[in-house]
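Peer 1: Next up is a structure, given as structure tokens.
The values are calculated or read from the model by the stated rules, or taken from the named source; none is laboratory data. Model, not experiment: these values are computed from the prediction. For neighbour counting, all protein chains shown are included, and Cβ atoms are generated from backbone atoms with ideal geometry for every residue, glycine included. Note: accessible area is taken over every heavy atom of the protein model, side chains too, but ligands, DNA and RNA are not part of it. Shrake-Rupley method; radii C 1.70, N 1.55, O 1.52, S 1.80 Å.
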Amino acid sequence: MKSYLQLKNEGGRVAIVGTGQTKFEARIPGMTYYELAFQAAKNALADANIEPGMIDSVVYGIYNDLFERQIMPDTYIHDYLGMYGKPGTRITTGGATGGYAFRAAYADVASGLSDIAMVVGVEKAQDCYDWAQGKTTPEVLKSIAYSADMTWEFPLGVSAASSYAVLASAHMKKYGTTEEQAAMVSVKNHGNALNNPFAQSPMRITVDDVMSSRIISYPFKLLDSSLYTEGAYVLIIMNEKKVREIGVKDPVWVKGIGSSNDKSFTGLRSSIDKLGKFGDIADLRNHYKAAEEAYRMAGISNPRKEIDVAELHDAFSFTEIQAYEAMGFCERGKGGLFVEEGTASMGGDLPVSPSGGLLGAGHAVGATGVMQIGEIANQIRHKAGRRQIEIRNNNGLAHSIGGPGSSYCTVTILGGN
Amino acid sequence: MRESTKKAKEVLGRELKSRPLESLIDDMILKKITGNPSVLESEKYFEVPDKMVMFYKYSYGQQSRFFKELKDNAALYGARCRKCGIVYFPPRAQCSECYSDTEWTPVSNEGVVVSSTTVWYTTSEFFDRTPYAVGYVRPTDANTAMLQRIDLKGREFIEPGEKVIAVFKRERFGTVSDFWYEIKE
Ligand SMILES: [Zn+2]
């Protein structure tokens, strides 16, 4: 792995130069997935001030074919965006789809295969419809449940929530994390979303509201859980040579990327296997590994002091607490205390998820990780509007995770000039 | 008529032996729409009922022995790596740590809950069984844990660390839901 410093010395860096999105909403029945992608791409190209013809390649982040009701949806978006003639590929890695799509596009540009690439994260979700129940949600859950191993886990009646809830239960048992502490994450992120005009669930709520909302999968309650969202988010990235050539004023450099996948058969995770030094089922071991790698590339030795702002993947409130620890924002087992002390709040020392995260801004799966990277890019270049964080050390972090038991993880570190 | 066209016509006549299963679902959906025409909001956008349906018969491959023992003998089997000795449960034919073959080995019906959750909301297929607990259970003589149902017996939650014992359905089909765990009193 080349360090950021080395890339900087060689002039081999890659920058984010444009972001664009649609509003994140529960359902957008007036637009197809390619129309959503088009709107976000148009906004991103305008923000980057470049023409569609200048794009060399596109990476699509689209999670679930059953959501889109379309196998190979990327190929139709590629056509709709007028990208025919250029290479286009799709990444699908569960909730981490957006983060991994960004990684693939980064590799495209950093390798020299492309000068300018576009990352298109898009998702429909609520076209799924259970005709027998006359409802959307059970069918949305079903389309996700099909990602459980068909032989050993699907027949038992598992869901995305249950898959992450067992990790949370283990964390509670091992470290004494409480449901109230998790509720604080939900209060914070729903509140942060009030400053995000594109957010799905801006809400002023209390810990009591969260605690008294109905249980979905213990210890997760309804307000601990992100909702299903439709929307698109697009990033334009380019190599350092193009940045100079075009004269981009506020490029946001990719300083570090670290990625790691843990065992998807969660029960196989043990403290004596190859990720054992990072812990067991209670710890997001691959998140520790991904962060460690991203920090090494970026040259960050004390993340708690050096990271100004982070976007963490709070599909469930407990997961954000576990992620504080894995990202090195606090000591192992002290994630609950970290949110309790207010460090992660907007006025705190290390604000987490100013966008509102998945709980507040919404979880348009393939677009989510792209949105969170875009949020950090806009924070770094002081374009975050009402939710702007003070940037002191020029470092922001975006975390993208997914899969059974959070088996996928990729971490991105961004910084300005 | 060309020979190839004749052959195609011949096949056409005998290919479909019965009504396609999808049409049963179509009938059901059509009935729903007749009862509720408001699903088509053509003023703002045009919305149509649809489905993606696939049917399968898939193979357990080299994992089949586990299901045969479960179905025929109400016995739980794991797999021990011939080289590094890890006992996998659920079993796998090859060791993912050292790439050696494994051998079948019976594992204890007694185990420990590694972690669990109580499911209150889920897909339609399992909704009538809620609330139920699922959790990872490690048999006392295995190195890894398998997801399984754990009987709540009136509790709200099954604590990690609880000792459990496997219970087998009387009628078994060769699926993972042929057994479950109960708290060992
Ligand atoms: Zn082995």
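Peer 1: Please go through the range A:154-187 and pick out each residue that is touching a residue at least 40 places away in the same chain (Cβ under 8 Å), open to solvent by 20 Å² or more (accessible area, probe 1.4 Å) and over 25 Å from A:Glu341 (Cβ atoms).
Peer 2: A:Ala160, A:Ser163
Peer 1: Please verify whether the range B:57-70 includes one or more residues that are in a helix (DSSP H, G or I) and within 16 Å of the ligand (Cβ to nearest atom).
Peer 2: Yes, because at least one residue in the range B:57-70 is in a helix (DSSP H, G or I) and within 16 Å of the ligand (Cβ to nearest atom).
Peer 1: While we're here: Between B:Ser116, B:Ser124, which is closer than 27 Å to B:Cys95 by Cα, within 9 Å of chain A (Cβ to nearest Cβ), of a type in the set (Ser, Thr, Tyr) and open to solvent by less than 70 Å² (accessible area, probe 1.4 Å)?
Peer 2: Values: B:Ser124 fails: closer than 27 Å to B:Cys95 by Cα.
Answer to the check: B:Ser116.
Peer 1: Among the residues of the range A:151-188, what is the count of those that are outside any helix (DSSP H, G or I) and within 7 Å of chain B (Cβ to nearest Cβ)?
Peer 2: Number satisfying all stated conditions: 6.
Peer 1: Give B:Ser115, B:Ser96 a once-over and let me know the one that is within 16 Å of the ligand (Cβ to nearest atom), polar (S, T, N, Q) and more than 17 Å from the chain's Cα centre (by Cα).
Peer 2: The unique qualifying residue is B:Ser96.
Peer 1: Take the residues in the range A:223-274 that are more than 23 Å from the chain's Cα centre (by Cα) and under 30 Å from B:Cys84 (Cβ atoms), then tell me which one is farthest from the other protein chains (Cβ to nearest Cβ).
Peer 2: Taking the candidates together, the pick is A:Ser271.
Peer 1: Any chance you could count how many residues in the range B:138-185 are open to solvent by less than 40 Å² (accessible area, probe 1.4 Å), in contact with a Ser or Thr (Cβ under 9 Å, 6 or more places away or on another chain) and over 23 Å from B:Thr105 (Cβ atoms)?
Peer 2: Residues in the range B:138-185 being open to solvent by less than 40 Å² (accessible area, probe 1.4 Å), in contact with a Ser or Thr (Cβ under 9 Å, 6 or more places away or on another chain) and over 23 Å from B:Thr105 (Cβ atoms): 5 in total.
Peer 1: Next question, about the same structure. How many residues, within the range B:147-177, are under 27 Å from A:Ile215 (Cα atoms) and in a loop (DSSP other than H, G, I, E, B)?
Peer 2: Looking only at that region, the number is 12.
Peer 1: Same structure again: Looking at the range A:72-92, which of its residues are surrounded by 14 or more Cβ atoms within 10 Å (Cβ to Cβ) and among the charged types (D, E, K, R)?
Peer 2: A:Asp74, A:Lys86, A:Arg90
Peer 1: Being surrounded by 22 or more Cβ atoms within 10 Å (Cβ to Cβ) and among the hydrophobic types (A, V, I, L, M, F, W, C): is that true of A:Ala384 here?
Peer 2: no
Peer 1: Quick one: what pairs do we get from the range B:2-21, first residue in a helix (DSSP H, G or I), second among the basic types (Lys, Arg), C-beta under 8 Å, 6+ apart or different chains?
Peer 2: none
Peer 1: Limited to the range B:71-86, what total is found for residues that are away from the ligand (no atom under 16 Å from the Cβ) and of a type in the set (Gly, Ala, Ser)?
Peer 2: Selection size over the range B:71-86: 2.
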